[in-house]
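In what follows, a single structure is set out as C-alpha cells and then discussed.
The values are calculated or read from the model by the stated rules, or taken from the named source; none is laboratory data. Source: prediction; values computed, not measured. Reconstructed Cβ throughout: ideal geometry from the backbone, glycine too, with neighbour counts over all protein chains shown. The accessibility values were calculated without ligands, DNA or RNA, using every heavy atom of the protein model including side chains. Shrake-Rupley method; radii C 1.70, N 1.55, O 1.52, S 1.80 Å.
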Amino acid sequence: MLNFAANISMLYAELPMLERPAAAARDGFAGVEVQFPYEASIAEWQAALHAANVPLVLLNAPPGNMAQGERGLAALPGRESEFEDSLNQAFAYAKALNVPRVHVMAGTTPWESSARKTYLNNLRVAADAARSQNLIVLIEPINTFDMPGYFLHDVHDALAVIDEVASNHLRLQLDFYHLHRILGEVRRGYEMCRYVVGHVQIAGFPGRHEPDIGEIDYACVFKALMRDGYDGWIGAEYRPRHATSAGLGWRSLLVA
C-alpha cells in the first residue's frame with residue numbers, strides 16, 4: 001500500500017496555510033508535508049494538525065533569505081553558524097510536531113571544492129544531530145532549470161555525498177519530477193537511487209502539474225515502489241491545474 005501526503009505549500013493554495021491540513025484530510029490524504037512552516041508557531045501547527053487528524057511527515061530546514069534568492073545554507077562556506085541555527089529551528093519544529101524527516105537544502109553556489117567540503121561537514125553535523133534525536137535528514141538533487149545555480153543538481157553527486165557521509169540518518173529525497181529533468185528518464189534513475197531513498201515526491205512533467213499526464217509513467221513508478229516494499233511517504237508536490245480537490249483522480253487511476 002502506498003501512503004500519499006499532500007504538500008500543502010503547493011496544494012490548497014486558495015486556503016490559509018493552517019486550514020490546509022484539514023482540507024487534505026477531507027480529500028483522503030493520509031498525511032501532509034510542508035516546505036517552510038516557520039511563519040506559524042509550533043502551538044498553531046499542533047492545533048491545526050490535531051483538528052485535521054493527519055500527521056506532518058516532512059518539513060524543510062529554513063533556507064536563509066528567500067527574498068534575496070537563497071535556497072539553503074548547507075553548502076555555503078562561512079555560513080556554518082547560520083546553518084546550525086537553521087538546523088536547530090527545524091529540529092525543534094520536527095520534534096514538537098512528531099515529524100520524522102527534515103529536508104536540508106544545499107543552497108545556490110558553484111560546485112567547487114570549498115563548497116563541497118562545507119556541504120559534507122554540515123551534513124555530518126546534521127546527521128549526528130539527527131541520530132541523537134531519532135530523525136532522518138534528507139538531501140534532494142534539484143534541477144537547475146527550476147532552481148538556477150542550485151548546488152546539488154546531479155543525482156550522481158547526491159549519491160556520492162550520501163556514501164561519503166555514511167550515516168543511516170542521511171537519506172535521499174527522490175522527487176521524480178526533478179529526476180526526469182536531470183536525467184531525462186526515471187526508470188534508470190530510480191534503480192540507481194532506490195537503496196538510499198528516504199522520501200518520494202511526485203509531479204507531472206512538463207508543467208509540474210498533476211501526475212496523471214505528461215512524460216513520466218507514474219503507474220510504473222508506483223509499481224516499482226511497491227515491488228521494492230517502499231513503505232515511506234509519497235509527497236504530492238505539484239501545482240494544480242485548477243482547484244486541488246478537482247484534480248485528485250490520479251490517485252485511483254495510477255494505483256489501480
Residue hits (the stretch 109-124; part of a helix (DSSP H, G or I), open to solvent by less than 60 Å² (accessible area, probe 1.4 Å) and out of contact with any strand residue (DSSP E or B) (no Cβ under 8 Å at 6 or more places or on another chain)) are 114, 115, 116, 118, 120, 122
### Task
Go through the residues of the stretch 164-172 one by one and say whether even a single one is modelled with pLDDT of 95 or more and under 23 Å from residue 30 (Cβ atoms).
yes
Check your understanding: Taking residue 28, is it modelled with pLDDT under 95 and at positive phi?
Key -> no
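Which count do you get for residues in the stretch 62-83 that are within 18 Å of residue 158 (Cα to Cα) and of a type in the set (A, V, I, L, M, F, W, C)?
Adding up the residues that qualify gives 4.
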Yes or no: the stretch 135-150 includes at least one residue that is surrounded by 20 or more Cβ atoms within 10 Å (Cβ to Cβ), assigned to a helix (DSSP H, G or I), out of contact with any Pro (no Cβ under 8 Å at 6 or more places or on another chain) and not β-branched (Val, Ile, Thr). no
Across the stretch 215-256, the tally of residues that are open to solvent by less than 10 Å² (accessible area, probe 1.4 Å), farther than 21 Å from residue 195 by Cβ and within 17 Å of the chain's Cα centre (by Cα) stands at 2
**Asked** Right, residue 207: on the phi > 0 side of the Ramachandran plot and either open to solvent by less than 10 Å² (accessible area, probe 1.4 Å) or touching a Leu at 6+ places or on another chain (Cβ under 6 Å) (or both) or not?
**Response** no
Flagged pairs (Cβ under 6 angstrom, 6 or more apart or on separate chains; first in the stretch 152-172, at positive phi; second open to solvent by 40 Å² or more (accessible area, probe 1.4 Å)) are none
How many residues of the stretch 163-176 are open to solvent by 10 Å² or more (accessible area, probe 1.4 Å) and hydrophobic (A, V, I, L, M, F, W, C)? The answer is 2
